[in-house]
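See structure below.
Any read-out appearing in this document is the output of simple, stated calculations on the displayed coordinates, not a laboratory observation. Bear in mind that the values here come from a model prediction, so they are computed numbers and not experimental data. Glycine gets a Cβ as well: all are built from the backbone with ideal geometry, and neighbour counts include every protein chain shown.
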Amino acid sequence: MGRGMNERIQKLRKQSITTEPHISIERAVLVNEAYQKYAGTVEKPILRALTFKHIMENKKLCMNEDELIVGEKGEGPQSTPTFPELCCHTLKDFEIMNDREYISFKTSEEVRKVQVETIIPYWENRSIRKNIFDHMKPEWVDCYENGIYTEFMEQRSPGHTVADGKMYKKGFLGFKKNIEDSISKLDYFDDPQVYEKKTQLQAMAICCDGIIAFGKRYEQYARALAENETDERRKADLLKIVQNCEVVPAHAPKTFHQAIQMYWFVHVGVTNELNNWDAYSPGRLDQHLYPFYKKEIEEGTLTRDEAKELLECLWVKFNNQPAPPKVGITLKESATYTDFANINTGGVTSDGADGVNDVSYLILEVMDEMKQLQPSSNVQISRKTPQHFLKKACEVSRKGWGQPAFYNIDAMIQEMLRAGKDITDAREGGASGCVETGAYGKEAYILTGYMNIPKIFEITLNNGLDKVSGKQLGLKTGDPRGFETYEELFEAFNKQLNYFVDIKIKGSNIIEKIYATHMPSPFLSVITSDCISKGMDYNAGGARYNTNYIQGVGIGTITDCLASIKYNVFDKKRFSMDELLKALEDNFEGHENIHNIICNKTAKYGNDDDYADDLMIDAFNLFYNAVNGRPNMKGGCYRIDMLPTTCHVYFGEVMGASADGRLAHKPVSEGISPAKGADRNGPTAVVRSAAKMDHLRTGGTLLNQKFTPSVLAGDEGIENLASLIRSYFNMDGHHIQFNVIDRQTLIDAQNKPEEYKDLIVRVAGYSDHFHNLSKALQDEIIERTEQEF
Amino acid sequence: MKKGRIINIQKYCVHDGPGIRTTVFFKGCPLNCWWCHNPESQKFEKEMMYNHEKCTMCGECEKRCEGKGIKLTENIFYDPTKCVFCENCIDFCINNAREMIGKEYTISELMKEIKKDQMFYQESGGGVTLSGGEVMTQITFVEELVRRCKENGMHVAIDTCGYVPFYSFERILDNTDIFLYDIKLIDSKRHEKYTGKPNELILDNMKKLSEKGANIHLRIPLIEGINTDGENIEGIIKFASDLKISKVNLLPYHEIGSDKYKRLNMDYKKGGMVRPTDQRLEEIKAMFKESKFEVKIGG
């Protein structure tokens, strides 16, 4: 039957993973109805709030067989709503979504019909996406279309945010009371913003009504189902759901079950209000749930297995929600169904003590047992984290599917303190959807887009010309054949990078205002401090902290490009700049000698070799200095992240061959990991190279490390893995996750040795690079590689 | 200062002693074991490794060779006596068919490499393993190296075949935490046949080390058809039972190194050598267990 602790979970999980992702048009229709009724008659925040309420009062209720946690973002599992107010899909978009091989969404005839007849006529000239492109300057559009950067907000709203613990202590009636208090304190004499604040707060109050109505509807629905239910066991389940929905979300939860249901209602609310790019996460789920768990275990009203079953129900819920469908460049940068919900476990408490509790271990068990695409799960490790917990997490991670990821909460706290956050807020924070640092429930952390650093270097080598598109995208910083020193080249690169960052930020400043003006999110504002006390929307600067990130992509590739040119062209004069540029032009065809010297006889990032790693630091600082500290439109500023999602593949596609030996259109390096096959000295060297970057000046970095199973075998393998993590974190590394090489990867490595130069295999105490072995020996090792410990 | 001749420095070694280790492979060995999986470690001199499988006979090496030691005929002829170590044949070989084996390091150069992973040693209870080849043959360099490692608080393991004067061991005894000590065959005649040297010195050194209280891990490479017979295993157990051995590692033979013989223009005496069956390995393991040894298959 598959994974899951019992038949109920197995059934729900199976439904979740076997249902095809498909488009639900319901939300779009409800949005249309609300806009047609209210648009132009009320202020924008009120319009958004009434739209939210209209959705919550009218969306179809779903009750999956045997489930214990209720509510779906769409009409059922794998049903994803659209957000025409952000991005109005054309019929062609729907056809592509339906037919594409990867990340497809089925769109029925009925859905397409409604889209054409009802949605497109209203939204095609009103969507945010249209608005944004109308306002962008031609140079912004040119850079965007040719892969200098991406723009997260062109079809997704600000978000990617995380809950704190407020909702477990206060129901939405309580939030509403706070809102009313805030309204009563408005200063109608001296505050020039009083009108905006008043409408904003009224909008928030309407949203509270909306989510409360949603809970009420489920209470009634479950009661009706219970009355007709003949199976006594299920009847009891349904009555439990009735009880829960009598309490949450209007009131604070009283039980473990209600606490989970509370979160889930909020999750459905946030992800229905706007598609909130895309993620919403519960944050410190173990710490939030622990007081309920402890109390009920002590009182005997809950068993450990019952608690686990409820968590597994929640896990299925996450997996039921594919990310909203993306199109165009945004699909390429984030080609995944994952909605980036990321469960944080462990960490520290708000007073700085170790945060690991019984629920943390329970969550580790659940993630291991469920093994789902969603939710992503991670453990936060601090100096205070018990070794036992770290080792348990390593045991799950060793199974080779990349989860849990490991985060260094001590480093994250320092990152947040450096960014001016209060220490308690920092301790309650951590990673959001991917690796981005933020103060949970108190911060609007806006990811604005990825920056293609290697592409900017490519443009530098071509005197500002983008050879792929034939357009002069950059500045004329000179023909590099005329550069006498490496420093001249680096300075030209610096000018180009700053030029492109300027274009990006000028665009973002407009985009931010478009959202603040046209697309407030009053529901998210209710649960994000300090929107209520400021009377200001999340999208307008209402949150306590307001950070914009630009994510740098390709640090491994750019470092290797710099090392290649510095070493071969300037230091050793093995070939000239002219020869190199010709080789790049020809994609190294007919220049095998140069290609080989670059690939195999030049220092590369990821080997703990200072020659290359020092250049990584230079490139990092260049990017940092170009971005960090620039003001955004919400009173906060820009910071950098070093992560790619799937953007490194897209960014590689739009580039020719590069000076590090990478062939045209191949992916650039991902995160802060070395370029594929560049690291040849094992994991400690990778970790040491990566730690030379100053992680504390970023808002997150991502490092992937792969292992062959034999290295991780036995208790010693776990001990050593745990030590590797501790060491990396002692050096202020931000995040690391592991992939374990399986048989298939070895077969790939045999067929494409150039991509797997880093692969080391070990047999009975002896090890060698896999590519260095004869085919017969490779075959034997492939035969022997099984993922068993 | 004398330099060490090193083949390779390998990071994140997890099979050559406790924890995460850096293993330094020294070049040159007094033995010549049939099953040696590191044939490039046998000679003391630097040497060129040439991989026939990768070579496409493009002739670039002949063109670039400063010593005029490479001739392209129907085969590639390489005259090591003419080699001036310009390494052009390595740099400009587009197939990476050539590799220079053996690099000289000063103590401080080597310490710099070793110290890079010190944080990992501390976290994992690991350290440095000196292996080879036979590390003890470069004893003057090694004596200073282990002293410097100890000075830096690092755990030191010496992986040795034992075929050196005992005086050499005395010079490093105080600064060595573990000896990973190989015994292959207990019968000296058979030992000489398969390794080129008799074993009295080896056994004698091991006995003396044990008497001096050294921490010894006994390591036995197991090659079916050469040393897995009951007589040999029982002999080793009998010998070791009189010593203080903290751990026994059984290392099953693997022909993973066999390609390299050809690349070094060396003969591979692999006739009849195979990995013992898992069943035989378990039987041998049980024999050691019975005699109260802590025993493990693998490093």
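The order of the peptides A:572-579, A:527-534 by mean Cβ neighbours within 10 Å, most packed first, is A:527-534, A:572-579. The phi-based Karplus calculation (6.51 cos²θ - 1.76 cosθ + 1.60; θ = phi - 60°) puts the 3J(HN,Hα) values of the stretch B:98-115 at 10, 8, 8, 9, x, 9, 7, 10, 7, 4, 6, 4, 5, 4, 4, 5, 5, 5 Hz, whole numbers, x for Gly and Pro. Based on the Stokes-Einstein relation at 10 °C and a viscosity of 1.306 mPa s, and on the Kirkwood radius from alpha carbon pairs, the stretch A:41-115 is assigned a translational diffusion coefficient of 107 µm²/s. When only Cα pairs below 8 angstrom with a gap of at least 6 residues are kept, the stretch B:47-101 shows a relative contact order of 47 percent. Remark: mean inter-chain Cβ contacts per residue of A:724-730 equal 4, using a 10 Å Cβ-Cβ cutoff to other protein chain atoms.
Quick one: work out the % antiparallel among DSSP beta bridges in the protein assembly as shown, nearest 5. So the antiparallel bridges amount to about 30 percent of the total. Neighbour counts of C-beta atoms inside 10 Å place A:Phe588, A:Phe105 in the sequence A:Phe588, A:Phe105, starting with the fewest. Taking the C-alpha atoms only, the angle from helix A:7-18 to the longest principal axis of chain A is near 60 degrees. The ratio of the alpha-carbon radius of gyration of the stretch B:47-101 to the globular-protein estimate 2.2 N^0.38 Å is 0.97.
One Cα centroid belongs to the stretch B:54-129, the other to the stretch A:610-681; the line between them spans 31 Å. Please identify, among B:Gly162, B:Gly28, B:Gly230, the residue showing maximal mean-square fluctuation in a Gaussian network model of chain B using a 10 angstrom Cα cutoff. Among B:Gly162, B:Gly28, B:Gly230, the largest GNM mean-square fluctuation belongs to B:Gly230. Taking the centroid of alpha carbons for each part, the stretch A:405-451 and the stretch B:158-201 are 56 Å apart.
Sorting B:His191, A:His135 on the 10 Å Cβ count, fewest up front, what's the list?
Fewest-to-most ranking of B:His191, A:His135: A:His135, B:His191.
For the stretch A:180-252, the list of trypsin sites (Lys or Arg not before Pro) that fall in a loop by DSSP and count at most 16 other C-beta atoms within 10 angstrom reads A:Lys185.
If you run the Gaussian network model on chain B, springs between alpha carbon atoms under 10 Å, then out of B:Gly102, B:Gly126, B:Gly59 the most flexible one is B:Gly59.
Answer rounded, prolate or oblate for the stretch A:309-361, using the Cα gyration tensor with square roots of eigenvalues a ≥ b ≥ c: rounded when a/c is under 1.5, else prolate when a/b is larger than b/c, else oblate. Oblate, since a/c reaches 1.5 and b/c is not below a/b. Only helices enter this figure: runs of n ≥ 4 DSSP H residues, each worth -39500 (n - 2.57), summed and divided by the residues of chain A, yield -15000 deg cm²/dmol at 222 nm to the nearest 500.
Would you please name the chymotrypsin sites (Phe, Trp or Tyr not before Pro) within the stretch A:616-698 that are DSSP coil residues with at most 14 other C-beta atoms within 10 Å of their C-beta? Qualifying residues, ordered by number: none.
Packing here is the average count of other Cβ atoms within 10 Å per residue, and on that basis the peptides A:175-184, A:7-16, A:556-565, B:275-284, highest first, run A:556-565, A:7-16, A:175-184, B:275-284. Size descriptors for chain B (Cα atoms only): Rg and Dmax, in that order, 20.4, 63 Å. Across peptide B:8-20, the mean count of Cβ atoms from other chains lying within 10 Å of each residue's own Cβ comes to 6. Note on chain B: GNM, Cα springs under 10 Å; of B:Tyr78, B:Tyr181, B:Tyr261, the largest mean-square fluctuation is that of B:Tyr78. I'd like the FRET efficiency for B:His52 and B:Thr140, computed as 1/(1 + (r/R0)^6) with the beta carbon distance as r and R0 of 30 Å, rounded to 0.05. Efficiency computed from Cβ-Cβ geometry: 0.20. Cβ-Cβ distance of A:Arg233 and A:Glu20, R₀ of 35 Å, FRET efficiency by 1/(1 + (r/R0)^6): the value works out to about 0.70. A straight line joining the Cα centroids of the stretch A:54-130 and the stretch B:273-299 runs 63 Å. For peptide B:112-123, the mean count of partner chain Cβ atoms within 10 Å of a residue's Cβ comes to 5.
Label sites at A:Tyr611 and B:Lys112, each approximated as a point 7 angstrom past Cα along Cα to Cβ, lie 1.2 nm apart. Taking the Cα centre of the stretch A:231-319 as origin and assigning +1 to Lys and Arg Cβ atoms and -1 to Asp and Glu Cβ atoms, the resulting dipole is close to 80 debye.
Solvent-free Debye calculation, one equal scatterer per alpha-carbon of chain A: log10 I(q)/I(0) at 0.07, 0.08, 0.11 Å⁻¹ equals -0.51, -0.67, -1.28. How high is the FRET efficiency from B:Lys207 to B:Ser246, r the C-beta distance, R0 25 Å, rounded to 0.05? Efficiency computed from Cβ-Cβ geometry: 0.95.
Dipole magnitude for the stretch B:47-101: about 140 debye, using +1 per Lys or Arg Cβ and -1 per Asp or Glu Cβ, origin at the Cα centre.
Considering only beta bridges that DSSP places wholly inside chain B, some 40 percent are antiparallel.
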